[in-house]
1. Quick one: how many residues across the stretch 53-69 are of a type in the set (Asp, Glu), within 10 Å of Thr105 (Cα to Cα) and in a helix (DSSP H, G or I)?
2. Is it the case that Leu53 is of a type in the set (A, V, I, L, M), surrounded by 12 or more Cβ atoms within 10 Å (Cβ to Cβ), touching a strand residue (DSSP E or B) at 6+ places or on another chain (Cβ under 6 Å) and closer than 17 Å to Phe153 by Cα?
3. Within the stretch 95-118, how many residues turn out to be of a type in the set (Val, Ile, Thr) and modelled with pLDDT under 95?
4. Are there any pairs, at least 6 apart or on different chains, whose C-beta atoms fall under 6 Å, with the first in the stretch 49-68 and closer than 18 Å to Ala150 by Cβ and the second of a type in the set (Phe, Trp, Tyr), and if so, which?
5. When you scan the stretch 5-54, how many residues do you find that are modelled with pLDDT under 80, under 21 Å from Gly73 (Cβ atoms) and more than 21 Å from the chain's Cα centre (by Cα)?
6. Out of the stretch 91-117, which residues are in a loop (DSSP other than H, G, I, E, B) and open to solvent by 10 Å² or more (accessible area, probe 1.4 Å)?
7. For the stretch 118-176, how many residues are among the β-branched types (Val, Ile, Thr) and within 22 Å of the chain's Cα centre (by Cα)?
8. Pick from the stretch 126-161 the residues that are acidic (Asp, Glu) and part of a loop (DSSP other than H, G, I, E, B): which of them is most open to solvent (accessible area, probe 1.4 Å)?
Amino acid sequence: TTYSLDVKKEITELEEILSIATQAEKQIFDIKLETLLDLLFKVRLEESDAKFLVFTEFKATQNYLKEKLVERGYNTVILNGSMDLDERKAVLKKFEKEADIMISTDAGGEGLNLQFCHIVINYDMPWNPMKVEQRIGRVDRIGQTKDVFAFNFILEETIENRVRRVLEEKLEIIFR
């Protein structure tokens with residue numbers, strides 16, 4: 001059996017497929033990002049000068065969020081474990097004085113005193129529940145003058161949510 005190969009037709013079809021894929025990629029709906037943006041907007045309606053401490057597990061997520069938030073006009077800084085002491089001090093000063101949002105990894109968030117902020121958003125949930133407490137502890141410190149609010153982002157149909165449920169069940173058993 002012999003096959004006729006129409007290279008020009010194949011190239012045209014591949015270009016159409018690539019065009020559709022590119023268009024689909026631009027239309028990806030990131031529900032966690034949309035939820036974050038909605039939360040930021042709603043809090044800002046009530047408290048125009050609110051500052052937000054957002055925790056992520058990964059630097060790639062941190063960079064993605066910064067890019068998306070800056071695109072929407074938020075003054076955003078990042079903090080992570082790869083920064084030296086001087087860089088961390090500069091970021092913290094900028095967050096306190098002018099930035100709206102600081103996106104931090106757990107490594108970047110150790111030992112911080114951020115009483116000037118009272119809203120913690122766990123964009124990525126850690127597997128260790130004590131880390132959640134430590135994250136919240138960055139703002140819930142002596143000298144905090146406002147109620148602290150913590151928001152945990154967990155997608156329903158994920159391993160992350162299953163782990164959360166198992167941990168909560170175990171904690172409930174321990175509590176009883």
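1. 0
2. Yes: the conditions hold for Leu53.
3. Within the stretch 95-118, residues that are of a type in the set (Val, Ile, Thr) and modelled with pLDDT under 95 number 1.
4. Final answer for the pair search is Val54/Tyr123; Thr56/Tyr123.
5. Final tally of qualifying residues: 0.
6. Those that are in a loop (DSSP other than H, G, I, E, B) and open to solvent by 10 Å² or more (accessible area, probe 1.4 Å): Glu98, Asp100, Asp106, Ala107, Glu110, Gly111, Leu112, Asn113, Gln115, Phe116.
7. The qualifying residues number 11.
8. Glu157
The values are calculated or read from the model by the stated rules, or taken from the named source; none is laboratory data. This is a predicted model, so every value here is computed, not measured. So basically every Cβ, Gly included, is an ideal-geometry build from the backbone, and we count neighbours across all protein chains shown. These area figures cover heavy atoms from the full protein model, side chains too; ligands, DNA and RNA do not enter into them. Shrake-Rupley method; radii C 1.70, N 1.55, O 1.52, S 1.80 Å.
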